[in-house]
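Read-outs throughout are calculated quantities, based only on the coordinates presented, and are distinct from any laboratory measurement. The shown structure was predicted, so the numbers you read here are calculated from the model rather than taken from an experiment. Virtual Cβ from ideal backbone geometry, glycine too; neighbours counted across all protein chains shown.
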Amino acid sequence: VNTTTTIELWAPTLTFNGRPAPFPIRYRAPRDTTDPRWQACHEHRTACDCREAEWAEQLAELRSEAHLVRLMEEAIDAVLAIHRKGDHGGCRGCLHRYPCPTRNLVAHLSWLETWEAKR
Ligand SMILES: [Zn+2]
Ligand SMILES: [Zn+2]
């Protein structure tokens, strides 16, 4: 009776410049510094586990911040779409004199608004 069991852990095949290596490299790089390999990495080299972890963590944080900035920009654009110039020179959103305090508060935060002001 053969009692030997081989456990094979699945890992994705890495690609380089969008192409696979000459021989398949199966490895799951650490996603952030909570990965135990970050702490355990001592033989530092280019793209070692601790560097992979730190770069992946920074990339994830920057993507998260970029997502929040996009949400903020959408909210600002929505406010500015409401507080725009009406037919009689006042603000359509709040009936204040145009530009109203709400528009003045957020207009300089809008990428689109500042870009259109420069044209
Ligand atoms: Zn290292
Ligand atoms: Zn207004």
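Assorted remarks:
- Picking from residues in segment 55-81 that are aliphatic (A, V, I, L, M) and surrounded by 14 or more Cβ atoms within 10 Å (Cβ to Cβ), the one that is farthest from Trp38 (Cα to Cα) is Leu80.
- Segment 77-119, residues that are near ligand 2 (Cβ under 10 Å from one of its atoms), among the polar types (S, T, N, Q) and without any contact (Cβ under 8 Å) to a residue 12 or more places away in the chain: Asn104
- Verdict on Tyr98 being surrounded by 14 or more Cβ atoms within 10 Å (Cβ to Cβ) and among the aromatic types (Phe, Trp, Tyr): yes
- Residue selected from segment 1-37 under the condition in a loop (DSSP other than H, G, I, E, B) and aromatic (Phe, Trp, Tyr), by the criterion nearest to Trp55 (Cα to Cα): Tyr27
The rows are residues; the columns are (1) within 16 Å of ligand 1 (Cβ to nearest atom); (2) closer than 25 Å to Pro12 by Cβ; (3) out of contact with any Cys (no Cβ under 9 Å at 6 or more places or on another chain); (4) not polar (S, T, N, Q).
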{"site": "Arg28", "(1), (2), (3), (4)": "no, yes, yes, yes"}
{"site": "Glu54", "(1), (2), (3), (4)": "yes, yes, yes, yes"}
{"site": "Arg70", "(1), (2), (3), (4)": "no, no, yes, yes"}
{"site": "Asp77", "(1), (2), (3), (4)": "no, no, yes, yes"}
{"site": "Ala81", "(1), (2), (3), (4)": "no, no, yes, yes"}
{"site": "Arg84", "(1), (2), (3), (4)": "no, no, no, yes"}
{"site": "His88", "(1), (2), (3), (4)": "no, no, yes, yes"}
{"site": "Arg92", "(1), (2), (3), (4)": "no, no, yes, yes"}
{"site": "Arg97", "(1), (2), (3), (4)": "no, no, no, yes"}
